[in-house]
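Nothing in this text is a laboratory measurement; each read-out follows from the coordinates by a stated rule. Values in this document were obtained by computation on a predicted structure and should not be read as measured data. A quick note on method: Cβ atoms are made from the backbone with ideal geometry, for glycine too, and the neighbour counts reach across all protein chains shown.
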Ligand SMILES: *Cc1c(COP(=O)(O)O)cnc(C)c1O
């Protein structure tokens, strides 16, 4: 019998995916994005597997601090920078680089001119995402102000973020690239623009001439975890391998008469007599509660379909194609043979959400990293 809900994390796949990033972006440095607990995979274990990355990016100061405290020596960039003096002092203490995106941060830097250390910075331009960053003339003014900040390490690095790079037909991406390149062309710092969709989908960003050097550093997230940033595709289409697979087991098999409904609110009604299976997985584990009837589930490696609502601890599946299965038989919710991208479509969401959503009670089995099939059980945190 297999254990209750668990994820298997293939750390060799993380390494493989990093090598794919290098293949797509051979002339760039790689800032591996491991925010949000490495998209739910466990920040420290993923950082260990990514020892060949040139640096890491996290969203928040506390994530960067934890990475340093775990002993990682690489460059670490905090994508949201700091919002108060305390956070700035933490960045300095732990030698974390900050994204500077708002005038309040510059005011704090000016006030704290006497603080100890030097802060490496990435000045962020807002090229159309309209989330973080300075636009147009404000970007250049911010650059000049940072030049005058004692605390700021030179040169000032430059960063922007795509809003729509997963849509290859949207020329907004090209406009973002041009705006950024034009703004940074006279500045000596390193530049960074491309996320996973940019790396795979916009090769003209990567192979920049000296005039068009928008991505000295690329910032892959999703593709490191083996997923496609493009709708309708899977990671395999781009040479990527899934890192996470989510598993559980059947805990009951039963026959339900025609006309009966299954689960909360009776959203599924059996048209004929139905053999159904109950699987020990639910939204309490991170199996998305909006996954719809008809979503594929593997029982003993064979496809069956979800029926009825997802409960906290259980789902129900239609076993008519697999009448012989038994309680205890293994179930795969995504991963091996069942791309998480496909499950995301059935849940009206994106693979990012599913990967990030795995909860504490799900056991983790690590696989890979040189020691063959050595497996350890740990938590995702
Ligand atoms: C999350 C993030 C990334 C990585 O994006 P993916 O789509 O996962 O590759 C890159 N840059 C910034 C600023 C981000 O917030």
Practice problem: Measure nothing fancy, just the Cα-based angle from helix 11-24's long axis to the longest principal axis of the chain, in degrees from 0 to 90, nearest 10. | Solution: 50
Exercise. Measure nothing fancy, just the Cα-based angle from helix 172-184's long axis to the longest principal axis of the chain, in degrees from 0 to 90, nearest 10.
Key: 30
Quiz item: Using the scaling law 2.2 N^0.38 Å as the reference, what is the normalised Cα Rg of segment 37-156?
Solution: 1.07
Quiz item: Under the Kirkwood approximation applied to all pairs of distinct alpha-carbon atoms, what is the hydrodynamic radius of segment 11-224 in Å?
Solution: 17.3
Quiz item: Which value in deg cm²/dmol, rounded to the nearest 500, describes the helix-derived mean residue ellipticity at 222 nm for the chain, given -39,500 (n - 2.57) per DSSP H run of n ≥ 4 and division by the residue count?
Solution: -7500 deg cm²/dmol
Quiz item: Can you give the FRET efficiency for residue 104 and residue 237, using 1/(1 + (r/R0)^6), R0 = 41 Å, r = Cβ-Cβ distance, to the nearest 0.05?
Solution: 0.45
Self-check item: Two-decimal Rg/Rh across segment 41-81, once Rg and the Kirkwood Rh are taken from alpha-carbon atoms
Solution: 0.91
Quiz item: What span do the alpha-carbon atoms of the chain cover on each of the three principal axes, reported in whole Å from largest to smallest?
Solution: 76, 43, 39
Quiz prompt | Sequence of 89, 240, 168 once ranked by neighbouring C-beta atoms within 10 Å, starting from the fewest | solution = 168, 89, 240
Quiz item: Normalised by the number of residues in the chain, what is the relative contact order in percent for Cα pairs under 8 Å and 6+ residues apart?
Solution: 18
Quiz item: Can you sort 290, 346 by how many other beta carbons sit within 10 Å, fewest first?
Solution: 290, 346
Quiz item: Could you put 10, 62 in order, starting from the residue whose Cβ has the fewest other Cβ atoms within 10 Å?
Solution: 62, 10
Exercise. Compare the peptides 178-184, 32-38, 65-71 by average per-residue count of other Cβ atoms within 10 angstrom and give them in order, highest first.
Key: 32-38, 178-184, 65-71
